[in-house]
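Okay, structure first, notes after.
Coordinate-derived values only; no laboratory data. What you see is a predicted model; the values in this text were computed from it and never measured. Note that we place each Cβ from the backbone using ideal geometry, even for glycine, and neighbour counts take in every protein chain shown.
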Amino acid sequence: MPKKFLYSLFLICNLSLITISSHAAVWVKLSENKTSKLSIDKQSILEKDKLKRAWVKIEYKTVQKNLEFPDKEYNQAKLLWYFDCDSQKSAASQVFQYLDTTLVHSAAIDIKNAEFIEPVPETEFDRAMRYTCSRKDSSQASAPKAKQLTTQAPAKTEGSPQSSVATAPPAPPPEIEKTADTAAATEKKAEKEPPHAAHWSYEDKAGPTEWGKLKPEFATCDVGKNQSPIDIDSTIDADLKPLKMLQKFPAKDIVNNGHTIQVNFKDGNNLILDNMVFKLKQVHFHAPSEHMIKGKAFAMEAHFVHADSKGNLAVIGVMFNEGKANIGLEKLWKQMPKNLDKPVNIVSRLLPSEMMPKNLDYYRFNGSLTTPPCSEGVRWIVIKTPLTASKAQIEAFQNVMKHHNNRPVQEINGRIIVE
Ligand SMILES: [Zn+2]
C-alpha cells in the first residue's frame, strides 16, 4: 500500500538551535519497563477540530539506532501524537530523537495527511490515547497557557528548519499507572496468559468461534472485518520491494505460555517497512499453519512479531512443510519448556535468519492478531517459500502443546493481497 504522505526530514545537530518552550512541560509517567519509559506532557494536551493531541516522550534505557540514518543514535524520542477519541484512532505527526539532550533527528507529517489507525491495546500509543482522551484540554484549565501552546507546537510541520517543541526540563513524573509492557507485543501479551487465566483456548467452549463472546475486549474477533489468518488465494502483482531486515541479534529466552512456544529476542533485529522501523520482539509457532496458500495448509507456521515505537505491529509468517530438520528449531526444541510461563535462557546462539528461507519473496496484506483480542491494523507478510521441519520436530511441538493451536482462516472481506 503506497504511503501518500510526504515526510519532510530535517536534522538539527546543534542544541543551541532549539528554542526552549515558554510553557513548562509537566511529564506524567504512563508506563515503564526494562527497555523504556513512556511519559506524557499533560500541559500539552489540546483539543482542536475534534482531535486531541499531546506530546509524549519515550526514554530508552539503551541507545537506539535510527535505521534510516544509521549514524544517528538516540536514547530519547519526543513525539506529537493526535487522537480521535470518538473513533479511538490515533496518528503521529512529529518525532524528535535526542541523544541525551542533543537533537539528532526529526521528522514531521501534516496531520491532515496522516493515517489514523486504531492502536493495538496496551501499547504506548494506546496508553497515551486512553490518558489523553480521559483528560480535559489544558486550555480549559488555563487559558494563557493554551494560547502559548497553540502558537507553539502543532502548526510546525513540513520543512520547518527549526522547531519550538517542548524541550523544557521534565518535572518529576508522578506515578499514575502501574508499569506495563512496551509497544511490544500485544500478541505476546495475549498469548502469554496461561490457559487457566486466559478464558480462551483452541478447543470447545472457549475455542475460536467463541472468542468474540468471551469478553467485551475480544469483540473484534467476531465483528472485525480484517481478521487473520486468511487463505492467500487471489493476489495482485505489485512488484513488492525486497524485505529489508537486520537479523544479527540472537534469541534470549524461550517460554511455553500454554497457547504457543514463544522465543523472545534481544533488541537489535529490525524490519523496515513503509519507512518505519519495526523491532523484532518474539517468534512463536502454530501447528498446523494458520495461513493457507491457495487452499494448502502447512505442518507449522512461525510468526515473527515486530512492533514499532508507536505500537504498530508487523508480523512475518514463515511456513514449514514436513521434511528435513530445521537447524533453528533443533537449537530451540532442545530447550522446549514443558512448564508454563517459566522462560528458559537459550544456550545455543540462534539468529532469526535461521528460521527464514533464503528466498524472501512474500505476500502482503492487512490483518489482525490471530489470538484474542484479535486487534486489527497488523501489517502481515507471509513468505512464499516454505521451510522444512522434521516429523520429529513437528511432533515434539504438538506433544508439548497437546492440541492444535491454529485459528481457522477468516473472511477476506474485500481485502487486497499483493505479491
Ligand atoms: Zn501467531
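A quick yes/no check of all residues on (1) within 16 Å of the ligand (Cβ to nearest atom); (2) under 28 Å from K310 (Cα atoms):
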| site | (1), (2) |
| --- | --- |
| V344 | no, no |
| L351 | no, yes |
| R364 | no, yes |
| T370 | yes, yes |
| S375 | yes, yes |
| I383 | yes, yes |
| P386 | no, no |
(request) Could you tell me whether the stretch 305-316 includes any residue that is among the small types (G, A, S), within 16 Å of the ligand (Cβ to nearest atom), under 30 Å from G224 (Cβ atoms) and in contact with a Leu (Cβ under 8 Å, 6 or more places away or on another chain)? (result) yes
(message) Kindly evaluate K358 against the criterion of being over 30 Å from F125 (Cβ atoms) and touching a residue at least 60 places away in the same chain (Cβ under 8 Å).
(response) no
(request) For D71, indicate whether it is at positive phi and not hydrophobic (A, V, I, L, M, F, W, C). (result) no
(message) Please list, ordered by residue number, the strands (runs of 3 or more DSSP E) wholly in the stretch 243-353 having 3 or more residues that are under 25 Å from A392 (Cβ atoms).
(response) 251-256, 261-265, 276-286, 300-307, 313-322
(request) Please state which one of L340, L280 is surrounded by 24 or more Cβ atoms within 10 Å (Cβ to Cβ) and touching a helix residue (DSSP H, G or I) at 6+ places or on another chain (Cβ under 9 Å). (result) L280
(message) Among the listed residues P229, P288, P242, identify the single one that is closer than 28 Å to E115 by Cβ and in contact with a His (Cβ under 8 Å, 6 or more places away or on another chain).
(response) P229
(message) Is it the case, given these coordinates, that H306 is free of Cβ contacts under 8 Å to residues at least 40 places away in the same chain, crowded, with 20+ Cβ neighbours inside 10 Å and within 16 Å of the chain's Cα centre (by Cα)?
(response) yes
